[in-house]
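Read through the structure below, which is laid out as structure tokens, and then see the notes.
The values are calculated or read from the model by the stated rules, or taken from the named source; none is laboratory data. None of the values given here were measured: they were computed from a predicted structure. Neighbour counts run over all protein chains shown; Cβ positions are idealised from the backbone, glycine included. Protein only, heavy atoms only, side chains kept; ligands, DNA and RNA dropped before computing areas. Shrake-Rupley method; radii C 1.70, N 1.55, O 1.52, S 1.80 Å.
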There are 2 protein chains.
Amino acid sequence: MHDGNEVSVLRLGHRPGRDNRMTTHVGLTARALGANRVVIAGDASNSKTTIEEVTDRFGGPFTVELTDSPRAMLRRFDGTVVHLTMYGLPIQNVEDDVRAAHTEAPLLVVVGAEKVPFDVYERADYNVGVTNQPHSEVAGLAVFLDRLFEGAELDREWTEATHRVVPKETGKLVEPAEES
Amino acid sequence: MHDGNEVSVLRLGHRPGRDNRMTTHVGLTARALGANRVVIAGDASNSKTTIEEVTDRFGGPFTVELTDSPRAMLRRFDGTVVHLTMYGLPIQNVEDDVRAAHTEAPLLVVVGAEKVPFDVYERADYNVGVTNQPHSEVAGLAVFLDRLFEGAELDREWTEATHRVVPKETGKLVEPAEES
């Protein structure tokens with residue numbers, strides 16, 4: 001996770017307005033489950049602001065970037081590209097290979113909104129299906145990251161938080177964070 | 001999963017229009033990752049239709065219900081209630097207990113949209129956090145189900161599908177389904 005090679009998430013196909021909440025959830029899920037950054041293709045300044053506000057409050061490190069040229073990013077990415085798609089190979093069959101690749105080089109995890117261009121399938125080193133059923137790019141990303149990190153992401157430490165949630169059996173408790 | 005006690009997902013706080021896509025993704029995730037049914041509180045007929053169309057095409061069994069009285073459902077539920085919330089106990093600490101409870105009785109997994117009423121926290125047998133970070137009810141549900149079923153949901157068989165996706169290293173292949 002944060003002590004290994006970087007994991008970036010690339011969100012393709014964002015449509016301003018219509019996709020704001022889904023894109024925000026992609027970014028927040030990437031952050032919460034151990035990725036280092038999310039890159040959003042298109043005009044997603046609302047989502048960027050929301051994700052950064054959460055990072056300011058509950059900690060990082062985590063970065064949010066916008067790009068107008070996701071294809072160039074994909075072409076130039078120096079590492080392993082994983083594209084999450086219901087048409088891909090079952091995650092349970094390829095996760096060991098992906099995990100091994102991640103020990104060698106940075107990982108770029110691509111999630112689409114609606115239709116993903118065919119050249120993304122071709123560029124990807126792994127097209128991976130979290131089931132071959134239609135469901136949600138947010139769900140697929142979550143299961144993928146939890147399996148990539150084998151649960152270690154759940155125990156990570158956060159830095160530069162102003163607040164932290166204290167787990168409770170019942171109810172809600174949010175405290176000012178103390179930096180150690 | 002489908003050979004054990006039933007797992008239902010209850011979606012609270014659906015706001016028509018604004019939450020349509022998130023609620024649809026909650027339902028599709030519940031279906032894809034091994035739950036038996038989703039119950040949506042409120043007027044979510046659009047989401048219901050979409051989820052049922054996916055079930056008609058790619059198989060079941062999976063059912064979608066709408067309810068106007070989620071509190072009565074929670075009160076009367078005969079089994080274990082799990083409420084997914086960033087304020088709850090870490091999933092990695094309670095998942096063994098929840099899995100054991102599921103071998104004894106049906107499970108109801110509650111996911112909210114915005115603010116969840118306090119009586120849900122009190123009614124829940126387990127308030128569970130998939131991290132104590134804000135992210136997405138869809139992501140939380142996905143990781144929860146994958147851990148509950150320990151990955152067995154990824155290998156399930158679907159019945160009465162008209163189509164099925166054939167996993168491919170590159171590209172997309174959807175075939176007419178043959179019932180065995």
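Descriptive notes on the structure:
- All aspartates and glutamates inside 20 Å of B:K115 as judged from Cα atoms, apart from same-chain residues fewer than 8 positions distant: A:E53, A:E169, A:E175, B:D19, B:D43, B:D68, B:D125, B:E137
- Among beta bridges that DSSP assigns inside the protein assembly as shown, antiparallel share in %, nearest 5: 15 percent
- Electrostatic bookkeeping for A:L145 treats Lys and Arg as +1 and Asp and Glu as -1; over the other residues with beta carbon under 15 Å from its beta carbon, the sum is -1.
- Remark: accessible area buried at the A-B interface is about 4500 Å², both chains counted, probe radius 1.4 Å.
- Copy-to-copy label separations for A:A100, where each label sits 7 Å from Cα toward Cβ, in nm and ascending: 3.7
- Residue by residue along B:121-130, Cβ atoms of other protein chains within 10 Å of the local Cβ number 3 on average.
- Near the amide H of A:H14, within less than 5 Å, lie the amide hydrogens of A:A41, all on another chain or at least 5 residues away, with H placed in the peptide plane.
- Hydrodynamic radius by Kirkwood, which averages 1/r over all alpha carbon pairs of the protein assembly as shown, in angstrom: 20.5 Å
- Shielded residues, segment B:9-53 - accessible-area loss of 40 Å² or more between chain alone and all protein chains, probe 1.4 Å: B:R21, B:M22, B:H25, B:A32
- Using θ = phi - 60° in the Karplus curve 6.51 cos²θ - 1.76 cosθ + 1.60, the 3J(HN,Hα) couplings for segment A:18-24 round to 3, 9, 3, 5, 4, 5, 4 Hz; x is entered for Gly and Pro.
- Å² of accessible area per residue within segment A:10-102, as computed with a 1.4 Å probe and no ligands counted: 39 Å²
- Mean separation of Cα contacts under 8 Å (6+ apart) over length of chain A, as relative contact order %: 28 percent
- 5 angstrom amide H check on B:V9, placed H, neighbours 5+ away: B:R37, B:V38, B:V39, B:V109
- Segment A:57-137, relative contact order in percent, only Cα pairs under 8 angstrom and at least six apart counted: 45 percent
- Nearest 10 degrees, 0 to 90: helix A:137-148 Cα axis against chain A principal axis: 80 degrees
- Under Karplus coefficients 6.51, -1.76 and 1.60, residue-wise ³J(HN,Hα) of segment B:159-175 in Hz, glycine/proline x: 10, 6, 7, 9, 9, 9, 8, 9, x, 9, 5, 9, x, 10, 9, 10, 10
- The trypsin sites (Lys or Arg not before Pro) found in segment B:82-162 that occupy coil by DSSP, while having at most 13 further C-beta atoms within 10 Å, are B:K115.
- Heavy atoms of A:E6 accessible to a 1.4 Å probe, total area in Å² rounded to 10: 80 Å²
- Calculated label separations, B:R71, copies of the chain, 7 Å along the beta-carbon direction, nm: 5.6
- Exposure check, 1.4 Å probe, all protein chains in place: A:L148 carries approximately 10 Å² of accessible surface.
- Heavy atoms of A:F144 accessible to a 1.4 Å probe, total area in Å² rounded to 10: 10 Å²
- For B:N127, residues with placed amide H under 5 Å, excluding near neighbours: B:H83, B:L89
- Accessible area per residue, Å², segment A:138-180 with all protein chains present, probe 1.4 Å: 54 Å²
- Chain A, accessible surface, carbon-and-sulfur percent (1.4 angstrom probe): 45 percent
- In order along segment B:40-54, phi translates into HN-Hα couplings of 10, 7, x, 8, 10, 5, 4, 5, 4, 4, 4, 5, 5, 5, 5 Hz, rounded to whole numbers, per the Karplus curve 6.51 cos²θ - 1.76 cosθ + 1.60 with θ = phi - 60° and x for Gly and Pro.
- Shielded by partner chains, segment B:57-95 residues - at least 50 Å² of accessible area, 1.4 Å probe, vs chain alone: B:Y87, B:L89, B:Q92
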